[in-house]
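To keep things clear, I will list the structure first and then write my remarks on it.
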Amino acid sequence: MTPPESPVIPPANRMPAMHPTLHSTPRSSMPSTTRYSEVGRRIDAMVRTANVPVVRASSVLFESLAEVDQALQDTARGVRHATTYGTGGVPTTMALMDAVAELEGWGAAPALDRKGPGTRAALVPSGLAAIALAVLAFAASGDHVLMPDSIYGPGRALAQGQLARAGIETTFYDPRIDPAGLAQLMRPRTRIVYLESPGSYTFEIQDVAGLAAIAREHGALSMIDNAWGSPLHFHPFEHGVDVSIVPLTKYWGGHADVLMGAVVVTDELWPTLWRAVRGLGLCVSSDDAWLVLRGLRTLPQRVAQHEVSAIAVAQWLQRHDGVVRVLHPALPDHPDHALWRRDFSGSCGLFSVELERGLESRVAALVEGRRHFGIGYSWGGFESLIMPARLQGLRTMKPWDGGPLVRLHVGLESVADLLEDLEQGFQAMGIAPR
Ligand SMILES: *Cc1c(COP(=O)(O)O)cnc(C)c1O
């Protein structure tokens, strides 16, 4: 047997001997800095795996300067899968961009069974960043934005803070406004009509198609936060919406272990959106993109279970002492139930419950010390969460005047365990079992 060939190291690349005791090490096996850079970068085996691998990259390499120039042009134009650098995308993030574009809209043009423009998705580090990107990409100083009074709280803070500082003025409108009412609020510089259906904590359903049509008539863009509908139960582009904002943190990721957001637009708006993404230096890590890709494989099954379990818990709460009403659009007594039936094909695990006035000081007893419901923000993971609404300052157009409001995210635990847990909460509030 011949011994393994010893590597040939050019003398100039040899590491200098660091210490006299190292002299016993044979020189030929001394590590060189070049070897540290070059080992393990070539794999000859082509391995096909079910999943796109995690590709971590800052630098992207080229064969020639002509290839660099081509890539620069393609990336500037927002050509699909073009990249010059990790911020422009790597295979893992490109795979997720395609997946979100296809599930939320219909994917890149020309899709097999579809003519006309495609939809494209940009990825950003959180759902809130997706809201910020969507507005900043399409509005400028002097522009006016209409936002529903029921907007996700940090979205309101964005409008009142960074957007105001950038000279973008926001008016908050009644989420139950009808299209004629919205038309009254449109100004010559109204650039964006922002929608969120159902509204955060209070679950108002909006007439999305009617409001989007008014926006279009007035030369404004309509955008919607589609966290609750998920790609399963609400399809923004079918209702004439121009921009869909997708908190991937919620059901897409689905496991409470990743933060990400996406902005989805049609081809027509893509160059403007992509310029903003590139200009703001927004990008996501491949590890996180991989987690969202993994999560979305089971999105339909998870949401189906969240939906069934949440309705069971909601109906139980409807019959419970101390409860005024349950704010869940899929319940027939919800004021916007008809609109929800018209526009949505299903629901999910998130809804609120309004308790009787006078129970304000006892809400803590309901939510604290639960075995299965954690006290925490966000939702859309596998686990149940409970959180009192803090709407002070979050409803400027029409302050909340009901009893204490508590939001529940019903997770994948057994419904019997969840009901027992809530029953103990009611007992802790001093409300007898039924
Ligand atoms: C959670 C949430 C967001 C923000 O998503 P993050 O990834 O947590 O920033 C935006 N909109 C709605 C309706 C949400 O519930």
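The values are calculated or read from the model by the stated rules, or taken from the named source; none is laboratory data. From a predicted model like this one, the values you see are computed outputs, not experimental measurements. Backbone-built Cβ (ideal geometry, glycine too); neighbour counts: all protein chains shown. Accessible surface is based on the protein model in full, side chains and every heavy atom, while ligands, DNA and RNA are left aside. Shrake-Rupley method; radii C 1.70, N 1.55, O 1.52, S 1.80 Å.
Remarks
- For the chain: relative contact order, % (alpha-carbon pairs under 8 angstrom, 6 or more apart): 14 percent
- Note: the range 299-428, Cα convex hull, 115 Å³ per residue.
- When the alpha carbon gyration tensor of the range 89-296 is reduced to an equivalent ellipsoid, its three semi-axes come out at 26, 18, 17 angstrom, largest first.
- Ranked by how many other beta carbons lie within 10 Å on average, peptides 353-359, 397-403 from highest: 353-359, 397-403
- Note on the chain: with charges restricted to the Cβ of Lys and Arg (+1) and Asp and Glu (-1), its dipole about the Cα centre is near 880 debye.
- The simple spin-label model puts a point 7 Å past each Cα toward its Cβ; for Thr298 and Glu268 those points are separated by 4.0 nm.
- Cα centroid separation, the range 288-330 to the range 364-434: 13 Å.
- Separation between Cα centres of the range 222-278 and the range 61-105, rounded to whole Å: 19 Å
- The convex hull of the Cα atoms of the chain, projected and averaged over all directions, covers 30.6 nm².
- Per residue, the range 299-428 exposes 45 Å² of solvent-accessible protein surface, assessed with a 1.4 angstrom probe and all protein chains in place.
- Here the Karplus relation 6.51 cos²θ - 1.76 cosθ + 1.60, evaluated at θ = phi - 60°, turns the backbone of the range 412-429 into coupling constants of 9, 5, 6, 4, 4, 5, 5, 5, 4, 4, 5, 4, 5, x, 4, 4, 5, 7 Hz, with x for every Gly and Pro.
- Within the chain, antiparallel bridges make up roughly 60 percent of the DSSP beta bridges whose residues both belong there.
- The portion of the accessible surface of the chain made up by carbon and sulfur, rounded to a whole percent, is 55 (1.4 Å probe; DNA, RNA and ligands excluded).
- Gain in span if fully extended, Val68 to Ala164, counting 0.36 nm per residue against the direct Cα distance: 30.6 nm
- Accessible area per residue in Å² at 1.4 Å probe, computed on the range 48-103: 62 Å²
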